[in-house]
Amino acid sequence: MAAIKGRIRAISVSKQKGVQKVNVPEAELRAGFGIVEDAHAGNWDRQISLLEIESIDSITAKGAKVSPGDFAENITTEGIDLSKLKIGDKLKLGTEVEIKITKFGKECHGRCIIYEQIGDCIMPRKGVFAKVGREGSIRVGDIIEVITDGD
């Protein structure tokens with residue numbers, strides 16, 4: 001059994017890149033592609049983006065009016081310190097889906113709405129990206145397990 005567990009706090013998708021995402025109760029993930037009906041899906045290393053609710057809470061404490069999906073993340077996690085993961089680590093989402101960590105942080109191409117509000121954006125520092133290895137469905141509230149070598 002995996003030692004570290006958390007849960008999916010929110011699932012967010014958008015039809016185009018560069019906009020805040022809309023929260024949905026569930027999503028279908030395809031291996032080697034990403035979330036069906038999300039603009040960031042495709043054959044590349046950033047199919048899925050993750051951000052901790054704890055990081056979002058730290059920004060709201062500074063006065064930003066933000067919530068899951070506003071940073072364009074696909075999956076908002078709760079209870080897992082994403083910064084402790086390494087490239088190549090795997091996460092099991094729900095009962096079927098498996099994703100592999102590919103990248104930490106991202107380069108912003110301009111000042112987003114959140115940066116304009118409070119002079120900071122956490123996605124370049126706290127965002128985590130992954131590719132889908134095993135496809136299936138996920139729902140808000142599903143368990144997230146960090147898969148270790150012994151699992």
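Each value in this text was obtained by applying a stated rule to the coordinates, not by laboratory testing. Because the structure is a prediction, the values reported are computed rather than measured. Here the Cβ positions follow ideal geometry from the backbone for every residue, glycine too, while neighbour counts run over all protein chains shown.
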>> Please compute the modelled spin-label separation between residue 26 and residue 5, points set 7 Å along Cα→Cβ, answer in nm with one decimal.
In response: 2.1 nm
>> If I model segment 3-73 as equal point scatterers sitting on the Cα atoms and use the Debye formula, what is log10 I(q)/I(0) at q = 0.19 Å⁻¹?
In response: -0.81
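Please give the charge dipole size of segment 34-107, origin at the Cα centre, charges +1 on K and R Cβ atoms and -1 on D and E Cβ atoms. Round to the nearest 20 debye. Display every interim value, and only then the final one.
Values: 10 positive and 14 negative charges, 54 e Å.
Taking the Cα centre of segment 34-107 as origin, the dipole is about 260 debye.
Lys and Arg at +1, Asp and Glu at -1: add these up for the other residues within a Cβ distance under 9 Å of residue 55 and post the number. Don't jump to the answer; show the numbers that get you there.
On the way: positive: 125, 126; negative: 52, 54, 57.
Neighbourhood net charge equals -1.
What is the dipole size for segment 5-147, taken about its Cα centre, with +1 at each Lys and Arg Cβ and -1 at each Asp and Glu Cβ, in debye to the nearest 20?
Details: 23 positive and 21 negative charges, 61 e Å.
The dipole magnitude comes to about 300 debye.
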> Using the C-alpha gyration tensor of segment 5-147, what are the square roots of 5 times its eigenvalues, in whole angstrom, with the largest one first?
Replying inline: 22, 16, 14
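Tally Lys/Arg at +1 and Asp/Glu at -1 over every other residue whose Cβ is under 11 Å from the Cβ of residue 17; what's the total? Mind dumping the intermediate values first?
Numbers: positive: 15, 21, 46; negative: 38.
Around residue 17, the surrounding residues sum to +2.
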> Among the lysines, which have Cα under 30 Å from the Cα of residue 92 when same-chain residues fewer than 8 positions away are ignored?
Replying inline: 5, 15, 17, 21, 84, 100, 103, 106, 126, 131
